[in-house]
Amino acid sequence: MDTHVSRITNAHHPIPAEVIEGMDRYHEQRELEDRQQQELVELARPQKDEMEYSASVTAAALQALGIDPRDHQEKTEEWNARRRNALEEHFASEESPEFGPWHPGVVFASPQPHAADHYFWEATGWLWANPPFGGEWQANGGHFRGKYTYDGASMVNRWYGARWLLELHSNRIPASSIGKWRSSPYVGLHGNLLGYVGNGTIFSGDRWSKCWLHTRQTLFHFPFGPQVNDRRIIVERKDVQNLIFIERSLADPGYLYTKTLPGTLYMPSLEFYKSQLFLGYSIWAELEVLFHVQLEGDSLFWINNGDVLLQTFQWPLMPL
């Protein structure tokens, strides 16, 4: 599956090429593992021969009831298309929200860090998205857009999101009397999402429209060089929440759900001890925000009424 990627860098805080190469290798491995896991999930879903058999049973049952299967399918497709068109017309008439400028403290317009500054300093960020979704960095942050309208029997998955890399140099780690620290970043996340599944009949299969929001914070060192095998994780935490979860089957009625993103999103918070550190080395922080979309049957998922806007900020390492 093609993936659109957009990258931004901080001219005030260049990263050595070997660090970027090490991170790229690490994420290539992660993406391979994710794809393998998704293949296992899809193996658990009905296969083509099962769906063809179910369709033949449905056609026979319709004929036994005196209903022409072809006519039934055409009418169902017509009704589903009419509802989707009505949604398109309704939301096309709404005005897109206006987003303000990026926070004045954002890293890309800031001077070099100094020893008294305990903030993680942003260095580079990546946006990526599977079509039909896309993303790009603009003056006020990372923008995502796209609408996916689907009507297939197989389950499909799409992703869009961002990750970004920050550095806290060893001479800027604040002193802690008990040798313990906390890292508590946050981001701005604005926009609206829409999920929908159509009405069913007693012969309908599964109809899903789902979206999960995955967030992650990882703190790590490169104590022996930025090779992928030398990336030593200090501490990591991942969170996931359901944004949209619509699951219907058979004659269940259709359903539509809209979700407004929170504006301020607190990332997973981390605490760690001095014993976990390689003293004298920078602490790198990587943050990730990832949307996972899953559709099946007569369904859709839209980034609705404008874009999803992601704004990233620096934050200080707090001694405890």
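Near GLU21, once Lys and Arg are set to +1 and Asp and Glu to -1 for all other residues with Cβ below 13 Å from its Cβ, the sum equals -2.
For TRP79 and SER275, what does the FRET efficiency come to when R0 = 51 Å and r is the distance between their Cβ atoms, rounded to the nearest 0.05? Given R0 = 51 Å and the Cβ-Cβ separation, E is 0.20. Summarising the label geometry, the points placed 7 Å from Cα in the beta-carbon direction at GLU50 and THR258 lie 3.6 nm from one another. Net charge in the neighbourhood of ILE246 (other residues with Cβ under 9 Å of its Cβ; Lys, Arg +1, Asp, Glu -1) is +2. Cross-link partners of LYS180 among aspartates and glutamates, defined as those whose alpha carbon lies under 19 angstrom from its own and excluding same-chain residues fewer than eight positions apart: ASP117, GLU167, GLU236, GLU271.
Given a Förster distance of 25 angstrom, what is the FRET efficiency for SER154 paired with ASP24, based on the Cβ-Cβ distance and rounded to 0.05? So, using R0 = 25 Å, E works out to roughly 0.20.
Among the listed pairs LYS147/LYS210; LYS75/LYS210; LYS147/LYS238; LYS147/LYS259, a Cα-Cα separation exceeding 18 Å is found for LYS75/LYS210; LYS147/LYS238. Would you please state which residues of region 150-170 a label at GLU236 would reach in this model, taking the label point 7 Å out along Cα→Cβ and a backbone N cut-off of under 17 Å? Residues passing the 17 Å test: 162-166.
Values in this text are rule-based calculations from the coordinates and carry no lab data. Quantities reported herein were computed from a predicted structural model and do not represent experimental measurements. We place every Cβ from the backbone using ideal geometry, glycine too, and count neighbours over all the protein chains shown.
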